Amino acid sequence: MKIYFTGPLFSEAERYWIRSTIQQIESFSFRHGAQIEIIFPYDLITQPEIESLGNNAKHEIFSRCKSHLDDADMVIALLDGPQVDDGTAWEIGYFYARKKPGQKIIGVRTDLRRSGECEGGCVNSMIEGACEKIVRSREELLERIFGLCG
């Protein structure tokens, strides 16, 4: 199973949370004999590469991320913040439009703030509607992933 793990990648805190969650998923999958590959978009291109590409960096970033989305079986999306990160929202929409039976999108919202339009909604209705499930903790995410895998 190939998982594309997206979310805002612009602060050390965001990257740290995603990386530590990826480590927990990998550890859990190893212990249970599950074959999982996790793609973290932040690792797809380095800062020196971005600098050397100049204006073409945006095209290369787009191409690499889209290519991995095309090959993914599941998208996990960190949805924290006052609103969903715009790149994350695009990745969710793109994957949703192309997904096949059995492919899933799991949202993760640990943020206590409500940012949806409706009572009981936790994010924008279009994002919430595209997600198979929105979990509220790292532990619930692990349960959901491995419940879907196994």
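The single condition among (1) touching a residue at least 24 places away in the same chain (Cβ under 8 Å); (2) over 17 Å from Ile25 (Cα atoms); (3) in a helix (DSSP H, G or I) that Ala97 does not meet is (1). Of the residues making up the stretch 75-93, those that are assigned to a helix (DSSP H, G or I) and open to solvent by less than 40 Å² (accessible area, probe 1.4 Å) number 6. Restricting the stretch 104-120 to residues that are within 22 Å of Gln24 (Cβ to Cβ) and more than 13 Å from the chain's Cα centre (by Cα), the residue that is most open to solvent (accessible area, probe 1.4 Å) is Leu112. Return the pair list, or none, for Cβ contacts closer than 7 Å from residues in the stretch 121-150 that are over 15 Å from Tyr96 (Cα atoms) and open to solvent by 30 Å² or more (accessible area, probe 1.4 Å) to residues that are assigned to a strand (DSSP E or B) and not charged (D, E, K, R), at least 6 apart or on different chains. From residues that are over 15 Å from Tyr96 (Cα atoms) and open to solvent by 30 Å² or more (accessible area, probe 1.4 Å), the pairs are Arg144/Ile106; Arg144/Val135. Within the stretch 34-74, the set of residues being over 19 Å from Tyr4 (Cα atoms), open to solvent by less than 100 Å² (accessible area, probe 1.4 Å) and either part of a loop (DSSP other than H, G, I, E, B) or of a type outside the set (D, E, K, R) (or both) comprises Pro48, Ile50, Ser52, Leu53, Gly54, Asn56, Ala57.
The values are calculated or read from the model by the stated rules, or taken from the named source; none is laboratory data. Because the structure is predicted, anything quoted here is derived from the model rather than measured. All Cβ positions, even for glycine, are placed from backbone atoms using ideal geometry, and neighbour counts span all protein chains on display. Surface areas here come from the heavy atoms of the whole protein model, side chains and all, with no ligands, DNA or RNA. Shrake-Rupley method; radii C 1.70, N 1.55, O 1.52, S 1.80 Å.
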